[in-house]
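Here is the structure we will look at.
A short reminder: the numbers here are calculations on the coordinates, not readings from a lab. Just so you know, these numbers come straight off a predicted model, no measurement behind them. Note that we place each Cβ from the backbone using ideal geometry, even for glycine, and neighbour counts take in every protein chain shown.
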Amino acid sequence: MKVYILKRLLMLPLVILMVATLVFFLTHSVPGSAVRILLGPHAGEAQIEKATKEFGLDKPLVVQYGMYMKRLFHGDLGTSIVSRRPVVRDLMTFFPATIELSLAAMVMLVVVGISLGAVSAIHRSSLLDMFARGLAVGGVAMPQFWLGLMFILVFFYWSGWLPGGGRLDLTLDPPTTITGMYVLDSLLTGNWKTLWDSILHLILPALTLGLTNLSTTTAMVRSSMLQTLSQDYITMARAYGFSDTKVHYVYALKNSMITAVTVIGMTSGHLLGGAVLVETVFDWPGIGLFAAQSILNVDYAPIIAVTMLVAVTYAVMNLVADILYAVLDPRIHF
Amino acid sequence: MASQNNSKKESRLSYAAYIIRKSPMSLLGLFLVAGIIFLALFSPWIATHDPLKINFDQGFKPPSAQHWFGTDDLGRDVFSRIVYGSRISLKIALFVVGIAATLGTALGLFSGYIGGVVDIIIMRVVDTFLAIPPFILAMVATAALGPSLTNVMIALSITWWTWYARIVRGEVLRLKNLNFMMAERSLGARLPRMLFRHLLPNCVGPVAVQTTLQLGLAVLTSAGLSFLGLGAQPPSPAWGLMIATGRQYLPDQWWMTTFPGMMIFLLVMGFILIGDTIRDVLSRDIQ
C-alpha cells in the first residue's frame, strides 16, 4: 500500500512534465499574434519588435521551450502580457473560487447521484427507475452554458429567488481571506450574513455544474447497488426478517457508497473543464473565467498555467480517490 | 463459416429490431437524430426566411405566426437560423468523429499489435492527452489555432483520437493471442491482413458505441467553444453563437437563447440514446 502510494506520487512530476510539453507545443506552434493584440492594430513595427524581444517570442521554438521549462522549474509560470502581472499571483487569487464551486458541485453530485442511483436500483425497471435514468442522461445532453442561462432566466429574472451571478452581493464585503473560499471563510469568521449570501450565490452555478455531470455517478451507483443486492449477505439479511428499508438503505447502500469515491476522481476532470463555461455564464471569478478571458486576448501564459493547474488538480484528485478507495474497502490490495 | 456468419449477423439485426421495438427510448433517439438530419438536408425548403437577412425594423419580435421562434437583435428569423444551424452542428460532429475515429483506430491497432517501443510511445502520448480534461484541451488547441469553426474541427480531431486508440488497443491485446489469430499467423498472413481483415472487424462494436457518444460530445463542445467566442463567428447561425448573442438580451428576448439550446439538447440526447441502444445490442453478443 505504502509502495503503491509512493509510486503514484513519483509519477506525478512526470505527468506534469508531459502535460507542460504538450501544452507548450499546442500553444506555440502557431506564430503568435499575441504582441499585435497587446499593442493594438496601430502599433509601429519598432514597437512590435521591441515587445517581441522582451517576451522572447522571436527565438526559435526549441529555445523558447527550454526557457519555458527552466522557468517552470523555478515555479515561474510567466507573466500575463495583458495585465503584466505574474500569472502565479492571478492563479492564487482565482483558484479558491473554482475550488469552492467544484466542491459544491461535487457535494451536489454525490448526494443526488447516490440517491438517484440507489432508488433506481431498488425499484429496477419501474417508472421511477426510468425517470431517474432519464434525468441523468438528460443532464449530460444539456449544454452547460445554456442550462446556466435558463436557471438565471427562471430563478433570477422571472422569480427573483436566487442571485444571477457573482460570488457575493455588491453591498457586502468579502470575508477576511483565510482559504479564499467565501463560504468557509465567513463560517470561520462567524460572519453569518455573508455566509448566507455566498451560499445563495453558489446554488445555481453548482447545480448547473452538478446536474450536467450526474450520469456517471448515477449509473455507477445503480449498477454497483444491483450487484450488491444480489449477494448472499443481502439474502441473509432478508431471511433474518429485516425490513426492506433497512436492507436497502443500510446494508446495501453502505457498500455501494464506495463507488461514489471513484466517481469523485473520475468526474473531477469534467467539473474542472465545465467550470470554464459555468464560470463565464455566472461571472464567477475563478480560473475558468480567467482562462476564457485570456484566450480572447491571445495571452499565452495564463492559458498554459490554467491548463497545467487543471491537469495537476485532476491527477491529484484521481490519486486521492484511488487511495481513499483502498482505505475504505479492505478487500482491495495494491 | 460464411453461412454461420450470416446467421449471426441476421440474429443480431433481428435483435436490434427487437430492442428498438421494445424500448421507446431507442426509437426516440433515432427519431431525434433523423429529424435533425432532415432539417439539415432540406433547410432551404423548411426555413421560412433567409437566415442571414438583416431587417432592422423586424428586430426583437416575440414568437408569432410569422416568426415561429421570434426574431433576433438584427431582425433575423430565429427559426430559420436554427434550421440552417443544424447543418453546422452535424458537419462538425461528422468531421471530428470521422477523423478522430480513423486516426485513433489505426494508431490503436498498430500500438496493440506491434507492441514494444511503438506501443510505449503511442500510449504515453495518449496518457498525456488524457491527463487534461477534454474541454480544456479542446479550448487550448482552438485558442492556439485561432478562433474559427474550421479550427474548432481541427482542434477536436487532433485531441480526441486518444479515446479510440485506447479502446482499440485494449481490444487488440485481448484478441491478439486467441487461437484464430495464432492460426492465421502461422499460415503466414501479413500485417495488413492481420490488422484490417481480422482485428479491425472485431473492434467495430466498442468503436461504434464510442462514436455515438463522441458525436454528441462534439456538438456540445463545439457549441461551448462558439459560446466562448472561439468557434463560429458572426453572422453564422451556429447554435452556440446564437446563445452567446441571446445572452445579452436576457430576460426580455428569452426566445433568442432558449430555442437554439433546446436544439443542441435534442440532438445530443438523440446520439446518446442511439449509443445506449448499440451498447445493449452488443452486450447481448458478449453474454
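Descriptive notes on the structure:
- Basic side chains Lys and Arg get +1 at the Cβ, acidic Asp and Glu get -1 at the Cβ, and with that the dipole of the protein assembly as shown about its Cα centre reaches some 1940 debye.
- CD proxy at 222 nm, helix term only [per DSSP H run n ≥ 4: -39500 (n - 2.57); per residue of the protein assembly as shown; nearest 500]: -24500 deg cm²/dmol
- For the range A:269-334: relative contact order, % (alpha-carbon pairs under 8 angstrom, 6 or more apart): 24 percent
- If you take the Cα centroid of the range A:292-334 and the Cα centroid of the range A:144-160, the two points sit 29 Å apart.
- Angle in degrees between helix A:45-54 and the longest Cα principal axis of chain A, rounded to the nearest 10: 60 degrees
- Candidate aspartates and glutamates for bridging to A:LYS7, where Cα separation is under 13 Å - those fewer than 8 sequence places away on the same chain excluded: A:ASP322
- Loop sites here are trypsin sites (Lys or Arg not before Pro) outside DSSP states H, G, I, E and B with no more than 10 other Cβ atoms within 10 Å. The longest part of chain A free of them is A:85-330.
- Tilt relative to chain B, helix B:78-114 - C-alpha long axis, 0 to 90 degrees, to 10: 20 degrees
- For a straight C-alpha distance cut-off of 28 angstrom, the lysines reachable from B:LYS61 (same-chain residues fewer than eight places away being disregarded) are B:LYS53.
- Which of A:PHE25, A:HIS201, A:GLY286, positive extreme of dipole for chain A (C-beta unit charges): A:PHE25
- The relative contact order of chain B comes to 24 percent, based on Cα pairs under 8 Å that sit 6 or more residues apart.
- In the calculated pair-distance distribution of the range B:93-142, the portion above 13 angstrom amounts to 66 percent of the Cα-Cα pairs.
- Within the range A:270-317, the proportion of C-alpha pairs whose separation exceeds 11 Å stands at 64%.
- Taken about its Cα centre, the range A:116-207 carries a charge dipole of about 300 debye when Lys and Arg each add +1 at the Cβ and Asp and Glu each add -1 at the Cβ.
- Alpha carbon centroid spacing (whole Å) that separates the range B:243-264 from the range A:194-265: 35 Å
- For A:THR79, nonlocal amide neighbours, meaning residues 5 or more places apart or on other chains whose placed amide H falls under 5 Å from its own, are A:VAL87.
- Each residue of the range B:19-34 is assigned a 3J(HN,Hα), and the resulting list reads 4, 5, 5, 7, 9, x, 5, 5, 5, 4, x, 4, 4, 4, 5, 4 Hz, derived from the Karplus form 6.51 cos²θ - 1.76 cosθ + 1.60 (θ = phi - 60°), x at Gly and Pro.
- Only one residue of A:PHE145, A:LEU211, A:ALA326 has its Cα farthest out toward the positive end of the dipole of chain A, where Lys and Arg carry +1 and Asp and Glu -1 on Cβ, and that residue is A:ALA326.
- Rounded to the nearest whole Hz, the Karplus-based 3J(HN,Hα) values (6.51 cos²θ - 1.76 cosθ + 1.60, θ = phi - 60°) of the range B:206-211 follow the sequence x, 5, 5, 4, 4, 5, with x at glycine and proline.
- In Hz, Karplus ³J(HN,Hα) per residue of the range B:154-159 (6.51, -1.76, 1.60; θ = phi - 60°; x = Gly, Pro): 5, 4, 5, 5, 7, 10
- Taking amide H atoms as placed 1.01 Å from N in the peptide plane, the amide H of B:THR71 lies under 5 Å from those of B:PHE60, B:LYS61, B:VAL78, each 5 or more residues away in sequence or on another chain.
- This model, with +1 at the C-beta of Lys and Arg and -1 at the C-beta of Asp and Glu, gives the range B:152-214 a dipole about its Cα centre of some 200 debye.
- When you restrict to C-alpha pairs under 8 Å that are six or more residues apart and normalise by the size of chain A, the relative contact order lands at 26 percent.
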